[in-house]
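The values are calculated or read from the model by the stated rules, or taken from the named source; none is laboratory data. Nothing here was measured: the structure is a model prediction, and the numbers come from that model. Neighbour counts run over all protein chains shown; Cβ positions are idealised from the backbone, glycine included. Ligands, DNA and RNA are stripped out before the accessible areas are found, and what is left, the full protein with its side chains, is counted by its heavy atoms. Shrake-Rupley method; radii C 1.70, N 1.55, O 1.52, S 1.80 Å.
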Amino acid sequence: LRFQLSPHFLFNFLNNVVTEIQKRPEVAQEMTIRLAEYLRHTLDYRGEMIVPLVYEIEGSREYLEIERDRFGDRLKVNYDLADDFNDVRVPVFLLQPLVENAVKYGMAQSKPPWLIKVRISQEKEELNIKVSNPGSLTHDNEGNESSGVGLDVLRRRLALHYPERSQFILKQEGELVVAEIKLKGEPC
């Protein structure tokens with residue numbers, strides 16, 4: 001999984017840094033420092049398939065900070081987190097494709113300021129994760145929603161780790177695209 005998602009992210013990131021080097025070298029430098037921190041973070045649980053949820057939240061924060069360096073005040077991020085996730089464990093890279101798609105598609109389809117919202121709550125044994133961004137769902141030639149490789153991989157991983165106990169929903173809510181994951185019980 002790391003080999004599937006990391007190159008995609010890394011190539012996008014490097015292209016972004018290249019565009020900033022001449023125009024805003026101080027931003028390019030900060031982005032590079034943040035990339036090093038993010039990559040260090042991704043190696044913390046190398047070889048692990050299940051990690052603490054707080055680790056995933058921290059990784060998404062580091063990624064979104066890189067993007068905020070790039071877009072400045074045009075990108076806003078809001079986290080709404082339940083109080084205690086110390087004992088919750090989830091599959092590694094669960095949040096990354098959600099926040100990456102929120103940035104990529106939200107910015108491509110709407111005018112700034114862009115607001116990415118990450119909401120995580122837990123009720124009894126169900127974990128609910130929502131990531132929303134401005135924009136519209138894209139559809140393929142047959143009229144089906146198109147979600148890309150990252151979300152397809154996420155769906156397969158959820159089916160493996162939460163057989164018959166997970167839901168992934170990608171929906172339009174007004175002018176927002178909402179990606180929602182519902183997980184019941186512990187991951188396999």
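For the stretch 28-75, name all the residues that are touching a strand residue (DSSP E or B) at 6+ places or on another chain (Cβ under 9 Å) and of a type in the set (A, V, I, L, M).
M49, I50, V51, L53, I57, L64, L75
If I filter the stretch 94-124 down to residues being within 27 Å of E186 (Cβ to Cβ), in contact with a Gly (Cβ under 9 Å, 6 or more places away or on another chain) and touching a residue at least 60 places away in the same chain (Cβ under 8 Å), which single residue comes out as surrounded by the most Cβ atoms within 10 Å (Cβ to Cβ)?
Within the stretch 94-124, the match that is surrounded by the most Cβ atoms within 10 Å (Cβ to Cβ) is A102.
Which residues, counting only those in the stretch 33-65, are in a helix (DSSP H, G or I), over 19 Å from K76 (Cα atoms) and open to solvent by 30 Å² or more (accessible area, probe 1.4 Å)?
Residues satisfying the conditions are I33, A36, E37, L39, R40, L43, V54.
Please find, within the stretch 67-89, the residue that is least open to solvent (accessible area, probe 1.4 Å) out of those that are within 25 Å of L14 (Cα to Cα) and not in a helix (DSSP H, G or I).
L75
Is there a residue being part of a helix (DSSP H, G or I), closer than 24 Å to R119 by Cα and modelled with pLDDT of 85 or more anywhere in the stretch 20-27? Spell out how you get there, then give the answer.
Looking only at the stretch 20-27, we keep the residues that are part of a helix (DSSP H, G or I), and these are 20-23, 25-27.
With closer than 24 Å to R119 by Cα added as a condition, the list becomes none.
No, there is no match, as no residue in the stretch 20-27 is part of a helix (DSSP H, G or I), closer than 24 Å to R119 by Cα and modelled with pLDDT of 85 or more.
What are the residues in the stretch 129-180 that are open to solvent by 70 Å² or more (accessible area, probe 1.4 Å), of a type outside the set (K, R), on the phi < 0 side of the Ramachandran plot and at pLDDT 90 or above, if any?
L160, Q167, Q172, E173, E175
Out of (1) touching a strand residue (DSSP E or B) at 6+ places or on another chain (Cβ under 9 Å); (2) among the polar types (S, T, N, Q); (3) in contact (Cβ under 8 Å) with a residue 40 or more places away in the chain, the odd one out for S166 is which?
It is condition (3) that S166 fails.
Just checking, how many residues over the stretch 90-125 are in a helix (DSSP H, G or I) and either among the β-branched types (V, I, T) or under 8 Å from the mean Cα position of the chain (by Cα) (or both)?
Number of matching residues: 8.
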